[in-house]
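The values are calculated or read from the model by the stated rules, or taken from the named source; none is laboratory data. Being a predicted model, the structure only gives us computed values, none of them experimental. All Cβ positions, glycine included, derive from the backbone under ideal geometry; neighbour counts span all protein chains shown. Only protein heavy atoms, including side chains, enter the accessible area calculation; ligands, DNA and RNA are left aside. Shrake-Rupley method; radii C 1.70, N 1.55, O 1.52, S 1.80 Å.
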Amino acid sequence: MSSTVSPASAFLPTVTVMTETALTVHQTARPHGFPTPDHFAFVESAMPQPGPGTALVKNLYWSVDPYHREMMDGNFALNAPLEGRTIGRVVDSRDPALREGEIVFHRQGWRTHTVLAPEEARVVPRFDGVPLSAHLSILGGTGLTAYVGLTRIAELRTGQDVFVSAAAGGVGTATGRLARLMGAGRLIGSTGRAAKAAYLTEHVGYDEVFDYHSGPTGRLLAEAAPDGIDLYMDNVGGEHLEAAISSLREYGRIVRIGTITQYNSTGTPYALRNLPDIVEKSLRMEGFLVRNYSHVQDELYEFTVPHLQSGRITLDETVVDGFGGIVDGFLGMLRGENQGKIIVRATGTDL
Ligand SMILES: NC(=O)c1ccc[n+]([C@@H]2O[C@H](COP(=O)([O-])OP(=O)(O)OC[C@H]3O[C@@H](n4cnc5c(N)ncnc54)[C@H](OP(=O)(O)O)[C@@H]3O)[C@@H](O)[C@H]2O)c1
(Lines give C-alpha, C1' and ligand atoms only; values in the text may rest on other atoms or scores of the structure.)
Protein backbone atom coordinates (compact mmCIF):
# COMPACT_ATOMS: atom_id res chain seq x y z
CA MET A 1 0.00 0.00 0.00
CA SER A 2 1.52 3.36 -0.97
CA SER A 3 1.69 6.08 1.64
CA THR A 4 2.79 9.69 1.96
CA VAL A 5 4.70 10.87 5.02
CA SER A 6 4.62 14.46 6.25
CA PRO A 7 6.28 15.80 9.40
CA ALA A 8 3.75 16.64 12.10
CA SER A 9 4.97 20.24 12.06
CA ALA A 10 3.57 20.57 8.54
CA PHE A 11 0.02 20.02 9.82
CA LEU A 12 -2.21 22.61 11.40
CA PRO A 13 -5.41 21.86 13.35
CA THR A 14 -7.46 22.91 10.32
CA VAL A 15 -6.01 20.17 8.07
CA THR A 16 -8.63 18.72 5.73
CA VAL A 17 -8.81 14.91 5.57
CA MET A 18 -9.63 13.52 2.13
CA THR A 19 -12.37 10.89 2.34
CA GLU A 20 -10.68 8.31 0.10
CA THR A 21 -7.49 8.24 2.14
CA ALA A 22 -6.67 7.68 5.79
CA LEU A 23 -4.19 9.51 8.02
CA THR A 24 -2.13 7.86 10.74
CA VAL A 25 0.34 9.44 13.14
CA HIS A 26 3.67 7.69 13.60
CA GLN A 27 6.45 8.41 16.07
CA THR A 28 9.63 8.87 14.05
CA ALA A 29 12.32 9.40 16.71
CA ARG A 30 12.88 8.97 20.45
CA PRO A 31 12.84 12.28 22.36
CA HIS A 32 15.47 13.24 24.88
CA GLY A 33 13.51 15.49 27.21
CA PHE A 34 10.49 17.32 25.88
CA PRO A 35 9.14 15.98 22.55
CA THR A 36 8.47 18.27 19.57
CA PRO A 37 6.32 17.93 16.42
CA ASP A 38 9.46 16.65 14.65
CA HIS A 39 9.20 13.42 16.64
CA PHE A 40 5.98 12.61 14.76
CA ALA A 41 4.80 12.25 11.16
CA PHE A 42 1.35 12.15 9.57
CA VAL A 43 1.27 9.22 7.15
CA GLU A 44 -1.35 9.25 4.42
CA SER A 45 -2.44 5.95 2.89
CA ALA A 46 -5.28 4.35 0.97
CA MET A 47 -8.41 3.83 3.03
CA PRO A 48 -8.12 0.45 4.88
CA GLN A 49 -10.67 -2.11 3.70
CA PRO A 50 -12.53 -4.44 6.08
CA GLY A 51 -12.26 -8.16 5.42
CA PRO A 52 -14.60 -10.91 6.65
CA GLY A 53 -15.12 -10.67 10.43
CA THR A 54 -14.03 -7.02 10.67
CA ALA A 55 -15.40 -3.52 10.20
CA LEU A 56 -14.08 -0.15 9.09
CA VAL A 57 -14.38 2.49 11.82
CA LYS A 58 -14.16 6.25 11.24
CA ASN A 59 -12.75 7.80 14.38
CA LEU A 60 -14.57 10.74 15.97
CA TYR A 61 -12.76 11.47 19.25
CA TRP A 62 -9.20 10.73 20.36
CA SER A 63 -7.64 10.75 23.80
CA VAL A 64 -4.01 11.82 24.10
CA ASP A 65 -2.50 10.99 27.46
CA PRO A 66 0.58 11.46 29.63
CA TYR A 67 1.30 7.70 29.36
CA HIS A 68 1.87 8.20 25.63
CA ARG A 69 4.89 10.29 26.59
CA GLU A 70 6.18 7.38 28.67
CA MET A 71 5.59 5.03 25.72
CA MET A 72 7.56 7.33 23.41
CA ASP A 73 10.71 6.27 25.28
CA GLY A 74 10.45 2.69 24.04
CA ASN A 75 7.04 1.04 24.00
CA PHE A 76 5.76 2.91 20.92
CA ALA A 77 7.41 1.30 17.88
CA LEU A 78 8.96 3.86 15.55
CA ASN A 79 7.36 4.46 12.14
CA ALA A 80 4.29 2.43 13.05
CA PRO A 81 0.73 3.38 14.06
CA LEU A 82 0.44 4.48 17.71
CA GLU A 83 -2.18 3.27 20.18
CA GLY A 84 -4.60 5.35 22.19
CA ARG A 85 -8.16 5.43 23.51
CA THR A 86 -10.54 6.42 20.74
CA ILE A 87 -14.25 6.57 19.89
CA GLY A 88 -15.44 6.01 16.34
CA ARG A 89 -18.41 5.07 14.19
CA VAL A 90 -18.67 1.79 12.26
CA VAL A 91 -19.00 2.86 8.61
CA ASP A 92 -18.53 -0.43 6.70
CA SER A 93 -18.99 -3.81 8.37
CA ARG A 94 -18.33 -7.40 7.37
CA ASP A 95 -19.37 -8.76 10.79
CA PRO A 96 -22.87 -8.78 12.35
CA ALA A 97 -21.40 -8.03 15.79
CA LEU A 98 -20.32 -4.56 14.58
CA ARG A 99 -23.35 -2.92 13.01
CA GLU A 100 -22.92 0.03 10.67
CA GLY A 101 -23.66 3.28 12.49
CA GLU A 102 -22.72 1.82 15.90
CA ILE A 103 -20.46 3.98 18.10
CA VAL A 104 -17.54 2.01 19.50
CA PHE A 105 -14.61 2.52 21.88
CA HIS A 106 -11.26 1.00 20.95
CA ARG A 107 -7.50 1.49 21.35
CA GLN A 108 -6.32 2.01 17.78
CA GLY A 109 -5.98 5.75 18.16
CA TRP A 110 -3.86 8.41 16.45
CA ARG A 111 -5.46 7.57 13.06
CA THR A 112 -8.55 8.75 11.20
CA HIS A 113 -9.78 5.26 10.29
CA THR A 114 -9.10 1.72 11.39
CA VAL A 115 -10.28 -1.84 10.75
CA LEU A 116 -11.39 -3.69 13.88
CA ALA A 117 -12.53 -7.18 14.84
CA PRO A 118 -15.46 -7.29 17.31
CA GLU A 119 -13.20 -8.31 20.20
CA GLU A 120 -11.13 -5.14 19.68
CA ALA A 121 -14.12 -2.83 20.13
CA ARG A 122 -16.65 -2.08 22.87
CA VAL A 123 -20.02 -0.57 21.99
CA VAL A 124 -20.35 2.74 23.83
CA PRO A 125 -23.55 3.10 25.88
CA ARG A 126 -25.42 6.33 25.17
CA PHE A 127 -26.93 8.32 28.02
CA ASP A 128 -29.55 10.99 27.31
CA GLY A 129 -28.06 14.45 27.46
CA VAL A 130 -24.47 13.25 27.91
CA PRO A 131 -22.07 14.14 25.07
CA LEU A 132 -20.03 11.34 23.54
CA SER A 133 -16.76 12.99 24.56
CA ALA A 134 -17.60 12.18 28.21
CA HIS A 135 -16.57 8.59 27.40
CA LEU A 136 -13.00 9.84 27.08
CA SER A 137 -13.21 12.17 30.09
CA ILE A 138 -15.19 11.60 33.29
CA LEU A 139 -16.93 8.42 32.06
CA GLY A 140 -13.76 7.03 30.43
CA GLY A 141 -10.38 5.88 31.70
CA THR A 142 -9.72 9.35 33.11
CA GLY A 143 -12.82 9.37 35.31
CA LEU A 144 -12.35 5.71 36.17
CA THR A 145 -8.84 6.51 37.41
CA ALA A 146 -10.25 9.18 39.72
CA TYR A 147 -13.13 6.94 40.85
CA VAL A 148 -10.94 3.91 41.56
CA GLY A 149 -8.35 6.10 43.29
CA LEU A 150 -10.95 7.57 45.62
CA THR A 151 -13.07 4.49 46.29
CA ARG A 152 -10.70 1.50 46.05
CA ILE A 153 -7.27 2.89 46.94
CA ALA A 154 -7.91 5.91 49.19
CA GLU A 155 -11.19 4.48 50.51
CA LEU A 156 -12.40 8.07 50.97
CA ARG A 157 -14.68 8.65 53.92
CA THR A 158 -17.07 11.54 54.51
CA GLY A 159 -15.38 14.68 55.76
CA GLN A 160 -11.82 13.68 54.90
CA ASP A 161 -9.58 16.44 53.60
CA VAL A 162 -8.02 15.69 50.21
CA PHE A 163 -5.08 17.22 48.34
CA VAL A 164 -4.88 16.65 44.56
CA SER A 165 -1.91 17.56 42.34
CA ALA A 166 -2.35 18.37 38.64
CA ALA A 167 -5.82 19.26 39.88
CA ALA A 168 -6.84 21.11 36.70
CA GLY A 169 -6.11 18.18 34.38
CA GLY A 170 -8.38 15.31 33.35
CA VAL A 171 -7.83 13.08 36.38
CA GLY A 172 -7.54 16.09 38.71
CA THR A 173 -10.87 17.69 37.73
CA ALA A 174 -12.63 14.32 37.81
CA THR A 175 -11.14 13.66 41.25
CA GLY A 176 -12.40 17.02 42.50
CA ARG A 177 -15.90 16.55 41.08
CA LEU A 178 -16.27 12.98 42.38
CA ALA A 179 -14.72 13.66 45.80
CA ARG A 180 -17.14 16.55 46.31
CA LEU A 181 -20.09 14.29 45.38
CA MET A 182 -18.76 11.62 47.77
CA GLY A 183 -18.75 14.01 50.72
CA ALA A 184 -15.07 14.89 51.03
CA GLY A 185 -14.10 17.60 53.52
CA ARG A 186 -11.72 20.33 52.33
CA LEU A 187 -10.49 19.88 48.78
CA ILE A 188 -7.09 21.39 48.08
CA GLY A 189 -5.48 21.39 44.65
CA SER A 190 -2.34 22.51 42.89
CA THR A 191 -1.89 23.59 39.29
CA GLY A 192 0.57 25.50 37.15
CA ARG A 193 -1.57 28.51 36.16
CA ALA A 194 -3.56 31.07 38.14
CA ALA A 195 -6.46 30.96 35.65
CA LYS A 196 -6.79 27.20 36.13
CA ALA A 197 -6.69 27.64 39.92
CA ALA A 198 -9.59 30.09 39.66
CA TYR A 199 -11.57 27.68 37.47
CA LEU A 200 -11.13 24.90 40.02
CA THR A 201 -12.48 26.93 42.94
CA GLU A 202 -15.23 28.63 40.94
CA HIS A 203 -16.53 25.64 38.98
CA VAL A 204 -15.14 22.27 40.05
CA GLY A 205 -15.65 22.39 43.82
CA TYR A 206 -12.12 22.84 45.17
CA ASP A 207 -11.88 24.96 48.33
CA GLU A 208 -8.35 26.18 47.80
CA VAL A 209 -5.89 25.85 44.93
CA PHE A 210 -2.31 27.11 44.70
CA ASP A 211 -0.04 27.71 41.72
CA TYR A 212 2.98 25.51 42.39
CA HIS A 213 5.24 27.97 40.56
CA SER A 214 4.66 30.61 43.23
CA GLY A 215 6.93 29.09 45.90
CA PRO A 216 8.19 25.88 47.49
CA THR A 217 5.39 23.32 47.29
CA GLY A 218 5.83 22.33 50.95
CA ARG A 219 5.19 25.89 52.12
CA LEU A 220 2.29 26.45 49.71
CA LEU A 221 0.54 23.27 50.81
CA ALA A 222 1.13 24.00 54.50
CA GLU A 223 -0.46 27.44 54.00
CA ALA A 224 -3.40 25.98 52.05
CA ALA A 225 -3.99 23.20 54.58
CA PRO A 226 -2.73 24.50 57.95
CA ASP A 227 -4.52 21.69 59.81
CA GLY A 228 -3.18 18.98 57.51
CA ILE A 229 -4.74 16.55 55.04
CA ASP A 230 -6.06 12.99 55.22
CA LEU A 231 -5.51 11.91 51.62
CA TYR A 232 -3.15 12.82 48.80
CA MET A 233 -4.04 11.95 45.20
CA ASP A 234 -0.61 12.12 43.55
CA ASN A 235 -0.51 12.78 39.81
CA VAL A 236 2.96 14.30 39.71
CA GLY A 237 5.40 12.84 42.29
CA GLY A 238 8.60 14.71 43.26
CA GLU A 239 8.35 17.83 45.40
CA HIS A 240 4.56 17.56 45.60
CA LEU A 241 4.82 14.09 47.10
CA GLU A 242 7.33 15.30 49.65
CA ALA A 243 5.05 18.21 50.56
CA ALA A 244 2.08 15.90 50.96
CA ILE A 245 4.01 13.50 53.22
CA SER A 246 4.76 16.48 55.47
CA SER A 247 1.13 17.66 55.53
CA LEU A 248 -0.55 14.28 55.96
CA ARG A 249 -2.07 13.48 59.34
CA GLU A 250 -1.44 10.23 61.18
CA TYR A 251 -2.81 7.19 59.27
CA GLY A 252 -3.11 9.29 56.11
CA ARG A 253 -3.05 7.74 52.65
CA ILE A 254 -1.17 8.52 49.47
CA VAL A 255 -2.66 7.32 46.18
CA ARG A 256 0.10 7.11 43.57
CA ILE A 257 -1.56 7.77 40.21
CA GLY A 258 1.24 9.16 38.06
CA THR A 259 4.61 10.91 38.03
CA ILE A 260 4.33 13.56 35.33
CA THR A 261 7.22 15.59 36.80
CA GLN A 262 9.54 12.87 35.47
CA TYR A 263 8.10 12.03 32.04
CA ASN A 264 10.03 14.80 30.23
CA SER A 265 12.88 15.12 32.70
CA THR A 266 16.45 14.28 31.76
CA GLY A 267 17.80 14.90 35.26
CA THR A 268 18.04 12.76 38.37
CA PRO A 269 14.61 11.92 39.85
CA TYR A 270 13.64 14.05 42.86
CA ALA A 271 14.90 12.46 46.09
CA LEU A 272 12.31 12.60 48.87
CA ARG A 273 13.84 13.96 52.09
CA ASN A 274 11.08 12.99 54.52
CA LEU A 275 10.60 9.26 53.96
CA PRO A 276 10.92 8.59 57.73
CA ASP A 277 7.62 10.48 58.17
CA ILE A 278 5.83 7.62 56.41
CA VAL A 279 6.80 5.42 59.35
CA GLU A 280 6.38 8.02 62.07
CA LYS A 281 2.86 8.91 60.91
CA SER A 282 1.83 5.36 59.90
CA LEU A 283 1.06 6.53 56.36
CA ARG A 284 -0.02 4.15 53.62
CA MET A 285 1.09 4.62 50.00
CA GLU A 286 -0.39 2.57 47.17
CA GLY A 287 -0.27 2.81 43.39
CA PHE A 288 -2.57 1.27 40.80
CA LEU A 289 -3.21 0.98 37.06
CA VAL A 290 -6.71 1.78 35.86
CA ARG A 291 -6.54 -0.97 33.24
CA ASN A 292 -6.86 -3.49 36.08
CA TYR A 293 -10.21 -2.00 37.15
CA SER A 294 -12.41 -2.34 34.06
CA HIS A 295 -14.89 -4.26 36.26
CA VAL A 296 -15.63 -0.95 38.03
CA GLN A 297 -16.74 0.77 34.79
CA ASP A 298 -20.49 0.13 35.26
CA GLU A 299 -20.31 1.40 38.84
CA LEU A 300 -18.73 4.62 37.52
CA TYR A 301 -21.63 5.04 35.10
CA GLU A 302 -24.20 4.39 37.84
CA PHE A 303 -22.61 6.91 40.17
CA THR A 304 -21.75 9.66 37.70
CA VAL A 305 -24.31 9.70 34.88
CA PRO A 306 -27.27 10.90 37.03
CA HIS A 307 -25.17 13.86 38.21
CA LEU A 308 -24.25 14.73 34.62
CA GLN A 309 -27.87 14.47 33.54
CA SER A 310 -29.12 16.62 36.41
CA GLY A 311 -26.47 19.25 35.70
CA ARG A 312 -24.98 18.92 39.19
CA ILE A 313 -21.64 18.31 37.50
CA THR A 314 -20.49 19.40 34.05
CA LEU A 315 -17.71 18.19 31.79
CA ASP A 316 -14.20 19.57 32.18
CA GLU A 317 -12.67 19.22 28.72
CA THR A 318 -10.31 21.05 26.39
CA VAL A 319 -11.32 20.03 22.87
CA VAL A 320 -8.93 20.36 19.95
CA ASP A 321 -10.85 20.54 16.69
CA GLY A 322 -9.56 18.41 13.83
CA PHE A 323 -7.32 15.35 13.64
CA GLY A 324 -4.52 17.57 12.31
CA GLY A 325 -4.24 19.06 15.80
CA ILE A 326 -3.60 15.77 17.59
CA VAL A 327 0.17 16.19 17.95
CA ASP A 328 -0.09 19.83 19.04
CA GLY A 329 -2.85 18.87 21.47
CA PHE A 330 -0.70 16.15 22.98
CA LEU A 331 2.34 18.41 23.34
CA GLY A 332 0.17 21.22 24.73
CA MET A 333 -1.21 18.88 27.38
CA LEU A 334 2.33 18.01 28.48
CA ARG A 335 2.99 21.77 28.80
CA GLY A 336 -0.17 22.29 30.86
CA GLU A 337 -2.24 24.06 28.20
CA ASN A 338 -5.30 21.89 28.88
CA GLN A 339 -8.02 22.59 31.44
CA GLY A 340 -9.76 19.31 32.17
CA LYS A 341 -9.32 16.31 29.88
CA ILE A 342 -7.63 17.02 26.54
CA ILE A 343 -9.67 15.52 23.71
CA VAL A 344 -9.24 15.74 19.94
CA ARG A 345 -12.47 15.83 17.90
CA ALA A 346 -12.86 15.03 14.21
CA THR A 347 -13.94 18.13 12.33
CA GLY A 348 -17.73 18.28 12.02
CA THR A 349 -18.47 15.80 14.86
CA ASP A 350 -21.52 16.96 16.83
CA LEU A 351 -22.38 13.89 18.94
N1 LIG B 1 -2.51 5.02 37.21
C2 LIG B 1 -3.25 5.05 36.10
O3 LIG B 1 -3.81 4.06 35.66
C4 LIG B 1 -3.40 6.37 35.39
C5 LIG B 1 -4.44 6.58 34.47
C6 LIG B 1 -4.57 7.85 33.88
C7 LIG B 1 -3.66 8.87 34.20
N8 LIG B 1 -2.64 8.60 35.06
C9 LIG B 1 -1.68 9.65 35.45
O10 LIG B 1 -2.44 10.71 36.01
C11 LIG B 1 -1.76 11.94 35.80
C12 LIG B 1 -2.72 12.93 35.14
O13 LIG B 1 -3.10 12.41 33.87
P14 LIG B 1 -4.19 13.18 32.98
O15 LIG B 1 -4.49 12.31 31.83
O16 LIG B 1 -5.30 13.64 33.83
O17 LIG B 1 -3.36 14.42 32.44
P18 LIG B 1 -3.69 15.95 32.70
O19 LIG B 1 -3.59 16.17 34.18
O20 LIG B 1 -4.96 16.30 32.01
O21 LIG B 1 -2.54 16.68 31.93
C22 LIG B 1 -1.25 16.72 32.45
C23 LIG B 1 -1.11 17.94 33.39
O24 LIG B 1 0.04 17.74 34.18
C25 LIG B 1 0.51 18.98 34.61
N26 LIG B 1 1.97 18.98 34.59
C27 LIG B 1 2.77 18.86 33.52
N28 LIG B 1 4.05 18.88 33.90
C29 LIG B 1 4.04 19.03 35.24
C30 LIG B 1 5.05 19.15 36.24
N31 LIG B 1 6.35 19.09 35.91
N32 LIG B 1 4.68 19.32 37.52
C33 LIG B 1 3.38 19.36 37.87
N34 LIG B 1 2.38 19.27 36.97
C35 LIG B 1 2.71 19.11 35.69
C36 LIG B 1 -0.05 20.05 33.65
O37 LIG B 1 -0.93 20.90 34.37
P38 LIG B 1 -0.40 22.19 35.20
O39 LIG B 1 -0.65 23.40 34.37
O40 LIG B 1 -1.23 22.16 36.42
O41 LIG B 1 1.07 22.00 35.46
C42 LIG B 1 -0.85 19.24 32.65
O43 LIG B 1 -2.06 19.87 32.28
C44 LIG B 1 -0.53 11.60 34.95
O45 LIG B 1 0.58 11.44 35.80
C46 LIG B 1 -0.90 10.27 34.32
O47 LIG B 1 0.23 9.53 33.97
C48 LIG B 1 -2.50 7.38 35.65
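Odds and ends about this structure:
- Looking across the range 233-263 at every residue that is hydrophobic (A, V, I, L, M, F, W, C) and under 13 Å from I278 (Cβ atoms), the one that is nearest to the ligand (Cβ to nearest atom) is identified as L241.
- Hey, G192 without any contact (Cβ under 8 Å) to a residue 12 or more places away in the chain, in the same structural domain as A167 (by TED's automatic domain parsing) and open to solvent by less than 40 Å² (accessible area, probe 1.4 Å) or not: no
- Answer residue from the range 324-347, given it is part of a loop (DSSP other than H, G, I, E, B) and farther than 18 Å from I260 by Cβ and is nearest to the chain's Cα centre (by Cα) among those: A346
- Selection from the range 103-119 of residues that are surrounded by fewer than 17 Cβ atoms within 10 Å (Cβ to Cβ) and either out of contact with any helix residue (DSSP H, G or I) (no Cβ under 9 Å at 6 or more places or on another chain) or acidic (D, E) (or both): A117, P118, E119
- Failed criterion for Y270 (all others in (1) surrounded by 15 or more Cβ atoms within 10 Å (Cβ to Cβ); (2) away from the ligand (no atom under 14 Å from the Cβ); (3) of a type in the set (S, T, Y) hold): (2)
- Scanning the range 45-81 for residues that are among the hydrophobic types (A, V, I, L, M, F, W, C) and either more than 16 Å from the ligand (Cβ to nearest atom) or open to solvent by 40 Å² or more (accessible area, probe 1.4 Å) (or both) turns up A46, M47, A55, L56, V57, L60, A77, L78, A80.
- Pairs with Cβ under 9 Å, 6+ apart, first in the range 67-81 and at positive phi, second open to solvent by less than 70 Å² (accessible area, probe 1.4 Å): N79/H26; N79/Q27; N79/T28; N79/A41; N79/V43
- Just one of the listed residues (D321, D350) is in the same structural domain as Y61 (by TED's automatic domain parsing), open to solvent by 10 Å² or more (accessible area, probe 1.4 Å) and either more than 13 Å from the ligand (Cβ to nearest atom) or more than 13 Å from the chain's Cα centre (by Cα) (or both), and it is D321.
- Number of positions in the range 128-141 that are within 12 Å of the ligand (Cβ to nearest atom) and either open to solvent by 10 Å² or more (accessible area, probe 1.4 Å) or of a type in the set (D, E, K, R) (or both): 2
- Any hit, the range 278-296, residues being within 16 Å of the ligand (Cβ to nearest atom), more than 30 Å from F127 (Cβ to Cβ) and among the hydrophobic types (A, V, I, L, M, F, W, C): yes
- Residue among T175, T145 that alone is more than 25 Å from E250 (Cβ to Cβ) and surrounded by 24 or more Cβ atoms within 10 Å (Cβ to Cβ): T145
- Unmet criterion (only one of (1) open to solvent by 10 Å² or more (accessible area, probe 1.4 Å); (2) more than 15 Å from the chain's Cα centre (by Cα)) for V162: (1)
- Qualifying position, being under 19 Å from H307 (Cβ atoms), assigned to a helix (DSSP H, G or I) and not assigned by TED's automatic domain parsing to the domain that holds H106, among G183, G149, G218: G149
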